[in-house]
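Working notes, structure below.
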Amino acid sequence: MQKEAVDAVVGGLTTAGVNFISLLPDSDFSQLQRRVGNDPAFEYVPVSTESIGVGVCAGAWFGGKLPALLIPTSGLLVASWPLTSINMAWGVPLLLLIPYRGDIGDAFWMMGPYKQTTEPLLNVLQIPHTVISKVEEISGAIVDAFGSAISWQRPVAVLLTGETIK
Amino acid sequence: MKRYEVLKLLAASIAEDTIVVGNVGPISREWSTVRPSDANLLQVNLGLCSAVGLGLARALPHRKIVLLDGDGNLLMNLASLADAANQAPPNIVHIVLDNGAYEGGGGLPSVTSLKTSLGEIARGAGIERSSTVDALEDFDVAAREALGAPGHWFIAAKVETGSVPDLPTQTMDGPEAKYRFARYVERTEGIQILRPRYTHI
């Protein structure tokens, strides 16, 4: 992920009002994760599985925080159970920020399955999502997605692909 | 000791404004009977009680957060103990009502009825104030100490299986519980949580 993309994500999160971030370390987001971990604008809770991250963010929201969860592409599969049992069942908001590995252009065989799982799973979970491939679109997409998540009281996802995660 | 007796003892010593997060199943039914309160966030699903509690503890570091967990529930997400311990929260009392069984799921034994000690696991995860108790008077002492002092506390309360007859049925679903609890936190903290029109942007 290039510095310009990291800047755009942090700018979008800040403009949106996000003040609580949970994440699982991920190679595609590593520069971004270091940045938000060292930024006092965000309360920062690293977790050992994405399912814990979903729960931590839900608890933070109940305590008045405005949370986002930064997880790997594969982590969406792990997170699907708490997303169902907390966010869908109770109506709890969450911004999901996910690098879209396995999208067209990702030339690594191991990522291929995520083209078949990521967007279909979001659709099954009825999580609205937007796919962003241009750095200049990142910040606005995050601001829009977060506003929708908070006011609709449901998760909304931003998938980053193309030049945004190169 | 009986879980219901443990919970009655806890209810007698807990402050009115102490937030309690409880896992789905008999624990939530029993707790809502002995301590009905909008400060309860109950029926949190499997493996997520300690994660939700950690998020609340970080968001409200000045409020005591009590977690009422089950052994099977916690076993599903043991890493949450390590994640919480490394945040060093000053305000979590994590109580596991450990009956060594999946009582809400039909009663088959859990691994804590065999070799596994949740108290030792919690200590190994980094929660230094970890204890295991199997008598009511010991639980009372441990709970009062934890409720009365800052820190991250873990109490594994070894209880028998079985609930009490004629418990009231829980009539609140998740969305209603969410609104009641969120409004309670808004009221007691003077903050806004529910934002049907998000005006920050």
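For the reader, a short list of remarks on this structure follows.
- Test for A:Pro82: is it surrounded by 24 or more Cβ atoms within 10 Å (Cβ to Cβ) and closer than 27 Å to B:Ile92 by Cα: yes
- Scanning the range B:38-62 for residues that are small (Gly, Ala, Ser) and in contact (Cβ under 8 Å) with a residue 24 or more places away in the chain yields B:Ala39, B:Gly47, B:Ser50, B:Ala51, B:Gly53, B:Ala57.
- Residues located in the range A:62-89, provided they are touching a strand residue (DSSP E or B) at 6+ places or on another chain (Cβ under 7 Å) and at the interface with chain B (Cβ under 7 Å from one of its Cβ atoms): A:Phe62, A:Lys65
- Residue under evaluation B:Glu186, criteria (1) in contact (Cβ under 8 Å) with a residue 40 or more places away in the chain; (2) under 30 Å from A:Lys65 (Cα atoms), criterion not met: (1)
- Residue that is farthest from B:Gln87 (Cα to Cα) [pool: residues in the range B:120-137 that are touching a strand residue (DSSP E or B) at 6+ places or on another chain (Cβ under 6 Å) and not basic (Lys, Arg)]: B:Asp134
- Taking every residue in the range A:24-44 that is within 17 Å of A:Tyr100 (Cβ to Cβ) and pairing it with any residue that is of a type in the set (Lys, Arg) and modelled with pLDDT under 95, at least 6 positions away or on another chain, the pairs with Cβ-Cβ distances below 7 Å are A:Asp28/A:Arg101.
- Count - residues of the range A:6-35 that are surrounded by fewer than 23 Cβ atoms within 10 Å (Cβ to Cβ) and touching a strand residue (DSSP E or B) at 6+ places or on another chain (Cβ under 8 Å): 6
- Scanning the range B:168-194 for residues that are within 10 Å of chain A (Cβ to nearest Cβ), at pLDDT below 95 and assigned to a loop (DSSP other than H, G, I, E, B) returns a single hit, B:Asp173.
- Residues of the range B:78-100 that turn out to be under 10 Å from A:Val47 (Cβ atoms) and in contact with a Cys (Cβ under 9 Å, 6 or more places away or on another chain), as a count: 1
- On inspection, B:Val164 fails the criterion of being free of Cβ contacts under 8 Å to residues at least 40 places away in the same chain, hydrophobic (A, V, I, L, M, F, W, C) and not in a strand (DSSP E or B).
- Residue in the range A:1-23 that is farthest from A:Ser74 (Cα to Cα), counting only those that are free of Cβ contacts under 8 Å to residues at least 40 places away in the same chain and of a type in the set (A, V, I, L, M, F, W, C): A:Val10
The values are calculated or read from the model by the stated rules, or taken from the named source; none is laboratory data. Please read these numbers as outputs of a predicted model, since none were measured by experiment. Reconstructed Cβ throughout: ideal geometry from the backbone, glycine too, with neighbour counts over all protein chains shown.
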